[in-house]
Amino acid sequence: MPQNNISEDSIISEINMTPLVDISLVLVIIFMLIAPFLSSLVKPMKLPPARRASLNDQNTVKVSIFKDGTLAVNASVVKEADLGGVILKEITKGKSPWALVRADTEIPYERVMSIMQLIKKAGIERIAFATRPEEDGEKK
């Protein structure tokens, strides 16, 4: 039987962790830079002005109503018929039972009310409206 000239003491059986840590840190930095862009709104929106806002929207279900009639829950576009199901999924993910409605200033009042009714049917009773800070020269 042939014998190996390599002894057991000279075999290196450790994994070098430095490249793994380097790659992990680079990926964390990349995700930290990209995450704000992924969670932003799909379309631009002009919100109504307000003097102050009191709701922290970090853990709410965000429903956006755009000028062209499309709807979005958080950052994903949904159909009106699917709105209730998508909101229920968000609630089961751990979102609080608050809905933050973002509606463009050009959306008719009736449209906003019909979306609010769909939100309430999905099980959310507390609804807040997103606004932008009021500027000095705006109408009050």
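The values are calculated or read from the model by the stated rules, or taken from the named source; none is laboratory data. All values reported here derive from a predicted model rather than from experimental measurement. When we count neighbours, we look across all protein chains shown, and the Cβ atoms used for this are built from the backbone with ideal geometry, even at glycine.
At a glance:
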item	result
Condition met for ILE107 (out of contact with any helix residue (DSSP H, G or I) (no Cβ under 6 Å at 6 or more places or on another chain), in the same structural domain as ASN59 (by TED's automatic domain parsing), farther than 18 Å from ASN59 by Cα and in contact (Cβ under 8 Å) with a residue 12 or more places away in the chain)	yes
Members of the range 107-137 that are surrounded by fewer than 14 Cβ atoms within 10 Å (Cβ to Cβ), within 18 Å of GLY84 (Cα to Cα) and among the small types (Gly, Ala, Ser)	SER114, GLY123
Within the range 110-130, tally of residues that are acidic (Asp, Glu) and outside any helix (DSSP H, G or I)	1
Exclusive hit being in a helix (DSSP H, G or I) and either at pLDDT below 85 or under 20 Å from ARG132 (Cβ atoms) (or both), set ILE29, ILE107, ILE91, ILE87	ILE91
Unmet criterion (only one of (1) buried (at least 18 other Cβ atoms within 10 Å of the Cβ); (2) modelled with pLDDT under 70) for LYS62	(2)
Counted residues, the range 72-88 - those being within 16 Å of GLU125 (Cα to Cα) and surrounded by fewer than 18 Cβ atoms within 10 Å (Cβ to Cβ)	3
Extreme residue, surrounded by the most Cβ atoms within 10 Å (Cβ to Cβ), among residues of the range 94-104 that are within 12 Å of VAL61 (Cβ to Cβ) and at pLDDT 80 or above	ALA99
